[in-house]
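The values are calculated or read from the model by the stated rules, or taken from the named source; none is laboratory data. Quick caveat, the model's predicted, so the values are computed rather than measured. Ideal geometry is used to build each Cβ from the backbone, glycine not excepted, and the neighbour counts take in all protein chains shown.
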Amino acid sequence: MNTKDKWTITATIHDEQRRALWSEVFPDGVVPIQVPVAYDVSVPELGNVKAYMLDLAAISDEQREKIIDVISKRFEYPRDEVATELDKGVPIPADGVSVLVKDMVYFSARDLDDLFSDLNVDDD
């Protein structure tokens, strides 16, 4: 889970044009995302694409303001409208992006069943 102090789920934008667009906010092209799963979304100028969702809870107020500026300028939307709509989500198209998940442990149901079996614990 990302926090403002530490990002554990990130996407790195490799596409040069998109990276340049976000460089004012994320100079190294690394952005916090909510989950490492791409969703089907509609993006202006691109239509329906797979995208990761920017983790707005993990960014600073200054970054939020810069994001509003970037989106407003790029898509020629009124700044106040972008500010109002921002909490609906900011998609990061998956094409040209790599995802990194660190400091997290995932268990499958089978892993847990094996663990409980090894510990002689009834998980019912």
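Taking only the stretch 48-69 into account, find how many residues are touching a Leu at 6+ places or on another chain (Cβ under 9 Å) and at pLDDT below 95.
Count: 0.
Identify, please: which residue in the stretch 48-102 is surrounded by 13 or more Cβ atoms within 10 Å (Cβ to Cβ) and of a type in the set (S, T, N, Q) and is, among those, farthest from residue 3 (Cα to Cα)?
Across the stretch 48-102, the extreme among qualifying residues is 72.
Could you grab me the full set of residues in the stretch 14-52 that are within 21 Å of residue 63 (Cα to Cα), in a loop (DSSP other than H, G, I, E, B) and of a type in the set (Asp, Glu)?
Of everything in the stretch 14-52, those that are within 21 Å of residue 63 (Cα to Cα), in a loop (DSSP other than H, G, I, E, B) and of a type in the set (Asp, Glu) turn out to be 15, 24, 28.
Being touching a Lys or Arg at 6+ places or on another chain (Cβ under 9 Å), more than 12 Å from residue 90 (Cα to Cα) and not basic (Lys, Arg) narrows it down to one of 72, 23, so name that one. Quick ask: steps written out before the conclusion?
Numbers: 23 fails: touching a Lys or Arg at 6+ places or on another chain (Cβ under 9 Å).
Selected residue: 72, the only one of 72, 23 that is touching a Lys or Arg at 6+ places or on another chain (Cβ under 9 Å), more than 12 Å from residue 90 (Cα to Cα) and not basic (Lys, Arg).
Considering only the stretch 2-36, how many residues are touching a helix residue (DSSP H, G or I) at 6+ places or on another chain (Cβ under 8 Å) and among the hydrophobic types (A, V, I, L, M, F, W, C)?
First, the residues of the stretch 2-36 that are touching a helix residue (DSSP H, G or I) at 6+ places or on another chain (Cβ under 8 Å): 2-4, 7, 13, 21-22, 24-26, 29, 31-32.
Imposing the further condition that a residue be among the hydrophobic types (A, V, I, L, M, F, W, C) reduces the set to 7, 13, 21-22, 25-26, 31.
Summing the residues that are touching a helix residue (DSSP H, G or I) at 6+ places or on another chain (Cβ under 8 Å) and among the hydrophobic types (A, V, I, L, M, F, W, C) in the stretch 2-36 gives 7.
Can you confirm whether residue 32 is in contact (Cβ under 8 Å) with a residue 12 or more places away in the chain, over 16 Å from residue 96 (Cα atoms) and out of contact with any Gly (no Cβ under 7 Å at 6 or more places or on another chain)?
On the way: in contact (Cβ under 8 Å) with a residue 12 or more places away in the chain: yes; over 16 Å from residue 96 (Cα atoms): no; out of contact with any Gly (no Cβ under 7 Å at 6 or more places or on another chain): yes.
Taking the combined requirement at face value, the residue does not satisfy it.
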